[in-house]
Amino acid sequence: MAEAERAAGSPPGSVQVSVIVPVHNSQCWLDECLKSVWEQDFKQTMELSIFNDASKDGSAEIIAKWKIKLEDAGVPVIVGSNDSAQPRGVGFAKNQAIMQSSGTYLCFLDSDDVMMPQRVRLQYEAAIQHPNSIIGCQVRREPPESTERYTRWINNLTEEQLLTQVFTSHGPTVIMPTWFCSREWFYQVGKFDEGGKGVPEDLLFFYKHLQKGGEVLRVNHCLLLYRYHPQAATHSVLEETIWNHRVKFLEDRVLSSWMSFTIWNAGKQGRKLYRSLSPANREKVTAFCDVDEKKIAKGFYTFEESEERPKPKIPICHFREATPPFIICVKQDLTGGAFETNLNMLNLKEGMDYYHFN
């Protein structure tokens, strides 16, 4: 860790937890968000570190009001700001909020979300037991009917799946606004990418965390009200950008050690994955498998974009005739249980015989 970063704020150890809040034009939600910091039942030392990234609305006034109220309640508040015309992005704002803070542990909170009163206490208790971890929690989505499948996925992953399902299109298996980790581990992983709009800074950090051997845990209590709205920074990241990062991570973490594998799904998603692979990994694909009789009847998929002559032809077979290991490109929780029943029938182990990619 750079000495300047170590020296930021008060001496190490004097503050147990820094709540890290990046802010950009958040006046609609900020009152409720900061009130939830004030309502924490954590009995040890806690501070709030806010970085206001070029907000043009009334966010600064709301921050000033809560600074007085929180400090009266014994919670120091550090406020930094980017006063230029252009915001620098979520990654930059989070890094600044961390560098100006001094807590031994970092509790991340998005300015449009709301913490339950026991959040800091319960995640702190988990974090001191697991120093090299990102600790998440279960969430309640607001509005409740938005992203139902995604919310179910966040809340119901098993302890093992927090590590095996890291290649799916949902992103980190513990979502960023629920993260809690030690400052020391944060700097060991290296800060958030500061590329700005369109960069999935949370996913990139999560992948680095896993590459360095970090653990992933979830406190099985609903500790965050997680808002869904059109202005959320998540919406500025292109799906294609995330797809490319996911493919590379899958190749590095899994495919590099496999001699051959089957892609489960001979449709659009499976073929897209095949085309996205490096030439060396494409050669490891022994077959596509599916349940669709029409696709199976075709017998094979021809890689038309290939410059090889003859063009590669990959067999398509029924999933029962296919050979593991599998990379599964079928969306979960969408087929009324039919896909899950088929997968269970094969008695395979997730993380060894197959990984979900969708």
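The values are calculated or read from the model by the stated rules, or taken from the named source; none is laboratory data. A quick note: this is a predicted structure, and the numbers were derived from the prediction, not measured. Here the Cβ positions follow ideal geometry from the backbone for every residue, glycine too, while neighbour counts run over all protein chains shown. To get the accessible areas, we keep the full protein, side chains included, count just its heavy atoms, and leave off ligands, DNA and RNA. Shrake-Rupley method; radii C 1.70, N 1.55, O 1.52, S 1.80 Å.
General observations
- Of R271, R309, R183, the one that fluctuates the most in a GNM where the chain has Cα springs shorter than 10 Å: R309
- When the solvent-accessible area of the chain is split by element, carbon and sulfur atoms take up 51 percent of it, the probe being 1.4 Å.
- Unit charges at the beta carbon, dipole of the chain: most positive-side option, F206, A126, Q332: Q332
- Remark: spin-label model distance A73-Q211 equals 4.0 nm, labels positioned 7 Å along the Cα→Cβ axis.
- Rounded to the nearest 20 debye, the dipole size of the chain about its Cα centre is 780 debye, using +1 on the Cβ of Lys and Arg and -1 on the Cβ of Asp and Glu.
- Taking the charge dipole of segment 17-237 about its Cα centre, with +1 at Lys and Arg Cβ atoms and -1 at Asp and Glu Cβ atoms, the residue from T158, P117, W29 reaching farthest to the positive side is T158.
- Taking amide H as placed 1.01 Å from N in the peptide plane, the amide H of Y226 sits under 5 Å from that of R140, R141, E142, each at least 5 places away or on another chain.
- Fully extending the segment from E307 to E239 would add 21.8 nm, taking 0.36 nm per residue of separation and subtracting the current Cα-Cα distance.
- Shape call, segment 69-153: gyration tensor on alpha carbons, a/c limit 1.5: oblate
- Whole-angstrom Cα spans of segment 17-237 along principal axes, big to small: 44, 37, 36
- Across the chain, Cα pairs under 8 Å and at least six residues apart give a relative contact order of 16 percent.
- Qualifying aspartates and glutamates (Cα of each under 13 Å from Cα of K284; at least 8 residues distant if same chain): E251
- Taking the charge dipole of the chain about its Cα centre, with +1 at Lys and Arg Cβ atoms and -1 at Asp and Glu Cβ atoms, the residue from A322, S278, W258 reaching farthest to the positive side is A322.
- 24 Å tail of the calculated P(r), segment 240-356, as % of Cα pairs: 23 percent
- Near the amide H of F51, within less than 5 Å, lie the amide hydrogens of V21, V23, G80, all on another chain or at least 5 residues away, with H placed in the peptide plane.
- The angle between the Cα long axis of helix 59-72 and the main principal axis of the chain comes to about 60°, on a 0 to 90 degree scale.
- Using a probe of 1.4 angstrom and keeping all protein chains present, the accessible surface of segment 205-358 works out to 53 square angstrom per residue.
- Of the cross-linked pairs K272/K349; K69/K212; K298/K331, those separated by over 30 Å at the C-alpha level are K69/K212.
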